[in-house]
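Note sheet for the following structure.
The values are calculated or read from the model by the stated rules, or taken from the named source; none is laboratory data. The model shown is predicted, which means the values in this text are computed figures rather than measured ones. Note that each Cβ is placed from the backbone with ideal geometry, even for glycine, and that neighbours are counted across all protein chains shown. Accessible surface is based on the protein model in full, side chains and every heavy atom, while ligands, DNA and RNA are left aside. Shrake-Rupley method; radii C 1.70, N 1.55, O 1.52, S 1.80 Å.
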Amino acid sequence: KQLTINIIFPNGYPEWEQGSVMLQSALKELGVEAKVEKLELATWADRLLKTGEFDLSWDFIPNRALDPTTTTNFAYFYKQGPQNICRYQDQELADLTQRGATTLDQEERKPIYYRYQERWNEIMPGIIVGERVQTHLTQAYVKGFVTHPQFWQDMRQVWLDK
């Protein structure tokens with residue numbers, strides 16, 4: 001029986017379109033038929049969050065620079081429920097996430113997250129295929145602008161010196 005999967009991505013993300021086509025080609029070499037669907041953003045979000053009508057999709061996790069707990073788990077793999085868009089759960093990853101999130105000492109957190117990485121590689125619930133680049137350009141007269149690792153730019157302190 002032919003294995004067929006669908007890969008969805010939202011319109012407006014050319015890197016995900018290119019990645020979907022590349023993945024489709026690679027899967028074809030393995031004998032897997034992949035259907036690539038470009039969806040309007042609202043339809044894509046609806047299928048991810050509500051209907052689950054997809055096999056593979058793309059997303060980026062903007063929290064990666066702040067804390068490992070928020071980077072890979074809360075919206076993606078931690079606890080079954082409406083925020084777990086992958087609908088995947090591994091009890092060990094969930095337990096490690098909880099321990100990492102509630103351990104304040106950085107040295108005590110290291111072995112927790114080392115084990116998390118080992119477990120991730122053992123079960124491979126998803127792959128990280130790239131890193132999103134964030135670039136800001138400003139003029140010399142723009143004052144008070146500070147980049148934010150989560151892409152949340154607070155412009156309340158920004159002013160123009162001209």
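Assorted remarks:
- A cut-off of 5 Å between modelled amide H atoms, ignoring neighbours fewer than 5 places along the same chain, links D59 with no other residue.
- Here the 3J(HN,Hα) profile of the stretch 97-109, calculated from phi with Karplus coefficients 6.51, -1.76 and 1.60 at θ = phi - 60°, is 4, 4, 5, x, 6, 10, 9, 8, 6, 4, 5, 6, 6 Hz, Gly and Pro shown as x.
- Set of lysines with alpha-carbon distance to K28 below 16 Å, sequence-local pairs under 8 removed: K1
- Exposure ranking of E107, E37 by accessible area [1.4 Å probe, largest first]: E107, E37
- With a cut-off of 13 Å between beta carbons, the residues surrounding M124 carry a summed charge of -2, where Lys and Arg count +1 and Asp and Glu -1.
- Across the stretch 1-50, the relative contact order, built from alpha-carbon pairs under 8 Å that are at least six residues apart, equals 49 percent.
- For A34, the amide hydrogen comes within under 5 Å of the amide hydrogens of I5, counting only partners 5 or more places away or on other chains and with H modelled in the peptide plane.
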